[in-house]
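Student: Structure provided below as structure tokens; questions to follow.
None of the figures in this text is laboratory data; all of them are computed from the coordinates on show. Nothing here was measured: the structure is a model prediction, and the numbers come from that model. Positions of Cβ are backbone-derived with ideal geometry, glycine not excepted, and every protein chain shown enters the neighbour counts.
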Amino acid sequence: MAVEQDLLPLLAEAVRHRTEGNHSAALRCAVMTRALLIASGTADADTQAALAGVLLMEGGLRRHLGDLAQAAAALDAALALAEGSGHARLTLAVQAEIAAVHRAGGDYGQAVSLLETAIARAERLPAPPPELATLLNELAVTCKYTGRFAQAERLYHRVLLLLEQAEDANDLDLAAVHHNLGGLAHARGDFAAAEPYARRSLALTERALGAAHPAAAADRAALAAILDGLGRHAEAEALLLDALEVFTRVYGEAHLDVAVTCNNLAAIAYRRGDRARAEQLYRRALAVKEQVLGGAHPELAPTLNNLALLREDQGDPAEAASLYRRAITILDGVVEPGHPVLATCRANHAALLDRLRGRGRERRPGPLTA
């Protein structure tokens, strides 16, 4: 059948492009594969499951490229097909990706609810499926974003145990968990504990994909944020500049990785006293975040706080106060009350108000890395 003859090469191309980090090319192949499957008109369970798998791939690629609305549409269709065809593991994989879309959109509560339901379903199966590790890892990531750090750590270590027990665990699976454990320690401000995790993740990723891959660049950027926290600013800056070149070449300007890297480069410029360079990078980071995430996403808060610090230094307390308030409003009720970013924004805002009232209160030092 002509459709079948075209299908396998297209799928292979999609997988190859995704593995190489070329998500736009992979998406084009996935969309073409989806169209061929739909055009085949076959309604048997295997074809429906195959279509669900292609839609799952499409949804993941669209999420990575920042197209959350289209990602959600593809995944909703995938879920209906997976459930209808009776494939429990495929259904769990789709649910994990749907939760990731909610998390990427800043809807942490919905992501947690979906994940907890899917995890309970996975744990009721006769043997733990590989998708359980994916679900637990995604829940841990979401818990980290909301400030539930202890729960995130327990979940990550459970994922590591599952991977160690699995026969088909690979370097990239292990790299992802080490990357996330490093990110968790970074979020806690424990940079010394974060560094070994980040270096292990980078080594595993480079061994699997090579140093030029965007996933390796993401690991270098994460390590750089940790090194910055350890005071090794020159080493951090070199890693960030390398990562920024990779991200802009592969993804273009309008990508969250570009924004986060600009934020962290700005933090280094700020500490060096190069306020003009810092402001340029902070405003670039904020503009990209707003374009990609919208104006009320929690990921805007670190950059808003940092730009507020800068504007305060430059003698504009009115804009600084406005930026602090915006960050606090975005985070309040979304993350835990003691979340470090929320606590920093509140402390800096309160300190600014005290200084304006002549009380001379000192703000908490330093910008936030992401």
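Student: Give me D for the stretch 1-142 in µm² s⁻¹, whole number, from Stokes-Einstein with Rh from the Kirkwood sum over alpha-carbon pairs, 25 °C and 0.890 mPa s. Before the final figure, lay out each step's value.
Tutor: Values: Rh = 15.4 Å.
For the chosen part, D equals 160 µm²/s.
Student: Another question, if that's okay. Which of His17, Ala30, Gly60 sits closest to the plus end of the dipole of the chain, meaning its Cα is farthest towards the positive end, when Lys and Arg get +1 and Asp and Glu get -1 on the C-beta?
Tutor: Gly60
Student: To continue, here is another question. What are the extents of the Cα atoms of the stretch 277-362 along their three principal axes, listed from largest to smallest and rounded to whole Å?
Tutor: Principal-axis extents of the Cα atoms in the stretch 277-362, largest first: 39, 32, 16 Å.
Student: Given the options Asp44, Asp76, Asp107, which has the most mean-square fluctuation in a GNM of the chain, springs set between C-alpha atoms less than 10 angstrom apart?
Tutor: Asp44
Student: Projecting each Cα onto the charge dipole of the chain (Lys/Arg +1, Asp/Glu -1 at the beta carbon, about the Cα centre), which of Leu132, Ala350, Gly105 comes out farthest on the positive side?
Tutor: Sorting the options by dipole projection puts first Ala350.
Student: Ok, one more. If you put +1 on each Lys and Arg Cβ and -1 on each Asp and Glu Cβ, how big is the dipole of the chain around its Cα centre, in Debye rounded to 20? The partial results should precede the final answer.
Tutor: Numbers: 38 positive and 45 negative charges, 310 e Å.
Dipole of the chain, to the nearest 20 debye: 1500 debye.
Student: For n ≥ 4 DSSP H runs only, could you compute -39500 (n - 2.57) per run for the chain, divide by its residues and tell me the 222 nm figure to the nearest 500?
Tutor: Numbers: 17 runs with 293 residues, N = 370.
It lands at -26500 deg cm²/dmol.
Student: In the stretch 308-369, which trypsin sites (Lys or Arg not before Pro) are in a loop and have at most 16 other Cβ atoms within 10 Å, using DSSP for the loop call?
Tutor: Answer in residue order: Arg357, Arg359, Arg361.
Student: May I pose another question? Identify which of the listed values of Kirkwood radius over Cα pairs in Å was calculated from the structure shown: (i) 21.7; (ii) 25.9; (iii) 21.0.
Tutor: Recomputing Kirkwood radius over Cα pairs in Å here picks out (i).
Student: Over the stretch 214-370, what number does the Rg to Rh ratio reach, with both radii from the alpha-carbon atoms and Rh per Kirkwood?
Tutor: Values: Rg = 15.3 Å, Rh = 15.7 Å.
Radius of gyration relative to Kirkwood radius: 0.97.
Student: Using the Cβ atoms and a cut-off under 11 Å, what net charge is assigned to the surroundings of Leu227, where Lys and Arg are +1 and Asp and Glu are -1?
Tutor: Details: positive: Arg199, Arg220, Arg232; negative: Glu195, Asp228, Glu235, Glu237.
Overall, the nearby charge balance is -1.
Student: With N denoting the number of residues in the stretch 149-252, provide Rg(C-alpha) divided by 2.2 N^0.38 Å, to two decimal places.
Tutor: On the way: Rg = 13.9 Å, N = 104, 2.2 N^0.38 = 12.8 Å.
Ratio of Rg to 2.2 N^0.38 Å for the stretch 149-252: 1.08.
Student: In whole Hz, what ³J(HN,Hα) sequence does the stretch 81-88 give by Karplus (6.51, -1.76, 1.60; θ = phi - 60°), x for Gly and Pro?
Tutor: Each residue of the stretch 81-88 in turn: 5, 5, 5, x, 8, x, 8, 5 Hz.
Student: Given a cut-off of under 8 Å on Cα pairs at least six residues apart, what relative contact order in percent is computed for the chain?
Tutor: Values: 515 pairs, mean separation 36.4, N = 370.
Relative contact order for the chain comes out at 10 percent.
Student: Residues with beta-carbon under 10 Å from that of His213, excluding His213: net charge, scoring Lys, Arg +1 and Asp, Glu -1? Let's see the in-between values first.
Tutor: Values: positive: none; negative: Glu20, Glu206, Asp219.
Net of charged neighbours comes to -3.
Student: Running a GNM on the chain with Cα contacts under 10 Å, which residue among Ser40, Ser24, Ser201 ends up with the highest mean-square fluctuation?
Tutor: Its mean-square fluctuation being the largest, the pick is Ser40.
Student: Separate question: Step through the residues of the stretch 232-242 one at a time and calculate ³J(HN,Hα) from phi using the Karplus curve (6.51 cos²θ - 1.76 cosθ + 1.60, θ = phi - 60°), rounding each to whole Hz and writing x for Gly and Pro.
Tutor: In residue order, the calculated couplings are 9, 5, 5, 5, 5, 4, 4, 5, 5, 5, 4 Hz.
Student: Report ³J(HN,Hα) in whole Hz for each residue of the stretch 280-290, in order, from the Karplus equation J = 6.51 cos²θ - 1.76 cosθ + 1.60 where θ = phi - 60°; Gly and Pro get x.
Tutor: Values, residue by residue: 4, 6, 5, 5, 5, 4, 5, 4, 5, 4, 5 Hz.
Student: What is the sum of charges, Lys and Arg at +1 and Asp and Glu at -1, for the other residues whose Cβ falls under 13 Å from the Cβ of Ala194? It would help to have the intermediate numbers written out before the result.
Tutor: Details: positive: Lys144, Arg188, Arg199, Arg200, Arg232; negative: Glu153, Asp190, Glu195, Asp219, Asp228.
Result for the neighbourhood of Ala194: 0.
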